[in-house]
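S.K.: Got a structure here, written out as structure tokens. Questions coming.
Coordinate-derived values only; no laboratory data. Just so it is clear, the model here is predicted, and its values are computed rather than measured. Reconstructed Cβ throughout: ideal geometry from the backbone, glycine too, with neighbour counts over all protein chains shown.
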Amino acid sequence: MRAEAVGGPILTRVYKVLLGIGILGVAITVWRFAVGLGASTALSDGYPLGIWIAFDVVTGTALACGGYAVALLVYIFNRGKYHPLVRPAILTSALGYSIAGLSVAIDLGRPWNMWKIPLYFRSWNLNSALLEVALCIMAYVGVLWVELSPAFLKNARFNTILDRALIWIIALGMLLPTMHQSSLGSLMLLAGPKLHPLWNTPFLPLFFLVTCVAMGYSVVVFESTFSSIAFKRKRETPLLGNLQRVAATIGVVFVTARLLDLAVRGQLGFALRLDLYGMFFWIENALFILPIFLKVLPSAMVLALAGALFRFDTYLLAFDSGPGWHYFPSVAELLITIGLVAFELAIYIAVVKRFPILSGAAPAPAH
Amino acid sequence: MNSDRRTFFRSFARARVQPPSDAVGLLYDTTLCVGCKACVVACKAANNMPPDTDGYGGGLYDAPEGLNEFTKNVIALYKEGGEHSFVKKQCMHCIDPACVGACMLGALRKGEHGIVWWNADTCVGCRYCQVACPFNVPKFEWTSIKPRIVKCELCRERLADGKQPACSEVCPRNAVIYGTRAELLDEAHRRLAAHPEKYVPRVYGETELGGTQVLYLSHVPFEKLGFRFNDEEGVPARQQTIQHGVYKGFVAPLALYGLLGAVMFRNRRKGGDSDES
Amino acid sequence: MAHRTIDEQLRLAGVSRRSFLELCGKLMVIAPALTPAAMAATIGRARRPSVIWLHMQDCTGCTETLLRTSQPGLGDLILNVISLDYHETVMAASGHDAELALRDAMDQNDGKFVLVVEGSIPTKGDGAYLKIAGKNGIDMLREVAGRAAAVISMGSCASWGGIPSSTINPTGAVGVDSIIRNKPVVNLPGCPPNPYVLLGTVLEYATTGKVPKLDALGRPKFAYDRTIHEHCPRRAHFDAGRFAAQFGDAGHRSGWCLYKLGCKGPVTHAPCSTRHFNEVVDCWPIGIGAPCVGCTEKEIAFTVPIFTTADIERPHGPDTYPPIVAEHRGISPAATGVAGLVGGALLGAGVIAAKKLSDDQ
């Protein structure tokens, strides 16, 4: 089964709605740059990072870890039967990471200096976890589009060169996310005593890495399911079922590990408190354990939600600047995020219809 | 934490950062401060800061509610029952600054005399320094479209001219004084020894959070004045121990890369990645 | 008369050394730093400067301020310290004798006298609105100023046009320095200004041969480099937020700050808050409960309504403190609404999709 373009018209009604939402997001982004962050966001000195980081970047890239997670399965654990899932996962990843990069550019207060991050190497502070995240993500975006390029480029010579280098590019495409997804965890460790004990563990990088793999599989499962339905393809049900089982198991292992870690650190007391922190801690754990009892699709959605909540909580809930500070994203922040996601969906649909991404041309068999 | 894990981490652990030999700072004594706010006015004038008339300034007064993008130094009042104290808030010029550890391109750096200062050249406005600082000191110019990070820099330019920081120069009761960190620590301990009944027996900043160059003596518990943390470890220490542990010499990443490549090479030879489903 | 030293003249006039030292003490408050004794010695040695005083479009208030004192002898003191050789209000001569007096005064002290001008100079209709002894004001001013060593514009009218220059300015009234450009002109705005400012300026000229340091508007810095607000005795009330809201209310009777009644103290440069008038403490507008109208400032006086509040250029801290923990901006209800809507929609869609697609499986 080779990958093929789905074909069909791109400008459907749904598509136009997505474009509309995206354009609204663009307009608000222009406004954000005209009036500055203070007027357009609910960010403050007590909450300097908001949903553009916690969701668009941290959660968004984790959700875009499908490419990473499936590549691990196919190329390292040699499960060739999952190969058809690779390309759409890489596309999702490429788009997800590109949108994350765009979100960073929108969130930065002085974006005209952004080019200095990769190029001003003499100014690099090698102690900064954020630098490592930024460079890694910038490199990974490049790697993803290169990995995806065979779908767009028909140049034979380029493709042969690419083919030979593919192993090293794919290996890079697995190394880089390992590095930065874990570093996204260590980022919040620098908040030090401002990070609530329930999330403040030296294993945070490992937890972020492990949950991102689970999220990656979950996203592949429901992206594949929805694509099959939307574009009337055969559903890869058994494959997806296996993937989701792996992901759900990771969820349970994660919860066990974090509870053990809490006990060893002597902080279990915080888990037993009836405050906001305790409550959200257990909601997270419940959402990570539940999937193993659910059917494939709901399992995937709940697990993705669990991973997202875990990240939101680490970045926005567990982070405490002291009394008197509040944060809830402003309307502009929300609309820009929604607009970016809408654009991401729109581009995915267009690419999938025009380029050979999805496999399985046969229509779904009649029941 | 068992000893194996501890020694494992210790091998990568950052050595405790020492204060620079020419470290200067301030010593603020709450028992001497009368809340005249001459230091707030002097700081604004010396740094050309605009007035902050929103909030309870009501358009008439420069009345910041705390440190913010218009205010690098502020006097707050703690009052509870019969107890009251003023407290001066500004950058603590930590010996192991979290903000410096956070900054990607070194826009915040610890320079001459250990002063932590901000350079516009390489700042991208990511605000990670605000996440890191345990005292919530760096403030961001939210109302500007070319925002900067605003915080006390111990009047670096005045120091270069041989003058004192504006706040310590103008204080009519020497409640805040300027000197080398060593001198100030000596003076602080001298006061604690001479009048133990007047003070909480601690110099805040001597060892807290890795030690700071701005030191405090107080007659009320430090938590009441807004000092939330007492850990001895500098904030960047733990995160950097982990990061360095993993990335030291880039050995682990390169090893992993090699391993991944090798496995894939072997798999390809075995012919495993077919399209069969 | 113009050649005696001030010491000699004072002795001749029978003015006591003590009165003179008192005068020097009063000059201290608004003049540069010297002890009264040192100032007395310096001034005493100087030759009494010859002063010619011209009236233009004036109300004679500035002359009155010079003479209006509650301590007997000060008028004499002033007249013994300077030699007032021509002054239409106080001199004995009139008619042709007056014209002669002016001629004599100019001839005897040619190039050495100080010209003090009171009142604005009308320029419309070729200066036809002011004619003295057949000459119009502009020509008279030019002639006398041409032979003076220095010119002092006494009062707001002479400094920048004053009351006659407000609104439509029917006579085209201007200050002296719009007409005289080739001589040093010192502006002493005020309606009227404090007489000690004039005295200090003239004496500084007499003792040093130079006019005092002037600001960008030609006003002596020793008196005009501060605003009323900076030294106002009611400043503590301003800082503590205690304002009189209406004339006669409790706050007004308690002597509270008059800012809300339109006091222009924050934007008016003048020495009035440190040196009151008529030698009586609190004998000045704010002291008697009347808001300052900004009479020295061209953009404020007779232009901005008296009861319009002034802008504070450089606000300082009030008499209150921020707490240790301040409450910062809260959560926008609109945003929670949008987030709720979107979140709910996604959750709902997810649940429906899961159910439908699970059934298909």
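S.K.: Using a Gaussian network model of chain C whose springs link C-alpha atoms within less than 10 Å, name the residue from C:51, C:351, C:176 with the highest mean-square fluctuation.
M.R.: Checking each option, the largest mean-square fluctuation is seen for C:351.
S.K.: Could you please report the charge total around residue A:311, scoring K, R as +1 and D, E as -1 over all other residues with beta-carbon less than 15 angstrom from its beta-carbon?
M.R.: Charge balance near residue A:311 sits at -2.
S.K.: While we're looking at this one, here's another question. Which residue fluctuates most in the GNM of chain A (Cα springs below 10 Å): A:145, A:282, A:52?
M.R.: In this elastic network of chain A, the residue with the biggest mean-square fluctuation among A:145, A:282, A:52 is A:282.
S.K.: Which residue, A:319, A:270, A:77, has the most motion in a Gaussian network model of chain A that connects Cα atoms within less than 10 Å?
M.R.: Per the Cα network of chain A with a 10 Å cutoff, A:77 tops the list.
S.K.: What is the mean number of Cβ atoms from other protein chains located within 10 Å of the Cβ atom of each residue in peptide A:88-94, rounded to a whole number?
M.R.: If you average over the peptide's residues, the count of other-chain Cβ atoms is 0.
S.K.: For chain A, which DSSP H helices look membrane-span-like by this rule: Cα extent along the axis of 27 Å or more and mean Kyte-Doolittle of at least 1.0?
M.R.: A:13-35, A:86-107, A:129-148, A:204-230, A:237-265, A:331-354
S.K.: Just tell me how shielded A:107-117 is by partners: mean number of partner chain Cβ atoms within 10 Å of each residue's Cβ, no decimals.
M.R.: Neighbouring Cβ atoms belonging to other protein chains average 6 per residue here.
S.K.: While we're here: Just how large is the dipole of chain A about the Cα centre, in debye to the nearest 20, putting +1 at every Lys and Arg Cβ and -1 at every Asp and Glu Cβ?
M.R.: I would put it at about 1160 debye.
S.K.: In terms of Cα to Cα distance under 24 Å, which lysines are near enough to residue A:81, apart from those fewer than 8 places away along the same chain?
M.R.: A:232, A:234, A:295, A:353, B:270
S.K.: Right, something else. In chain B, which whole DSSP H runs stretch at least 15 Å along their own axis (Cα) and average -1.0 or higher on the Kyte-Doolittle scale?
M.R.: Span-like helices here: B:181-194, B:235-247, B:251-270.
S.K.: About the Cα centre of the protein assembly as shown, how large is the charge dipole given +1 on each Lys and Arg Cβ and -1 on each Asp and Glu Cβ? Please answer in debye to the nearest 20.
M.R.: That gives a dipole near 3180 debye.
S.K.: Round to the nearest 10 and give me the degree value, 0 to 90, for the angle of helix C:137-146's Cα axis relative to the longest principal axis of chain C.
M.R.: 70 degrees
S.K.: Taking the Cβ of residue A:281 as the centre, find all other residues whose Cβ is under 13 Å away and add up their charges (Lys, Arg: +1; Asp, Glu: -1).
M.R.: Within the 13 Å Cβ shell, the charges total -2.
S.K.: Under the classification rounded if a/c is under 1.5, otherwise prolate if a/b is larger than b/c and oblate if not, where does the protein assembly as shown fall, given a ≥ b ≥ c as square roots of the Cα gyration tensor eigenvalues?
M.R.: Prolate, since a/c reaches 1.5 and a/b exceeds b/c.
S.K.: Taking the dipole about the Cα centre of the stretch A:3-359, with the C-beta of Lys and Arg at +1 and of Asp and Glu at -1, give me whichever of A:6, A:166, A:141 is farthest to the positive side.
M.R.: A:6
S.K.: Among A:177, C:342, C:5, whose Cα sits farthest toward the positive end of the charge dipole of the protein assembly as shown (+1 at Cβ of Lys/Arg, -1 at Cβ of Asp/Glu, about the Cα centre)?
M.R.: The listed residue farthest towards the positive side: A:177.
S.K.: With a sphere of radius 14 Å drawn around the Cβ of residue C:169, what net charge do the other residues whose Cβ falls strictly inside it have (Lys, Arg +1; Asp, Glu -1)?
M.R.: Value of the local net charge: +2.
S.K.: Suppose a student asked you for the relative contact order of the stretch A:3-359, using Cα pairs under 8 Å spaced at least 6 residues apart; what percent would you report?
M.R.: Relative CO of the stretch A:3-359 lands at 34 percent.
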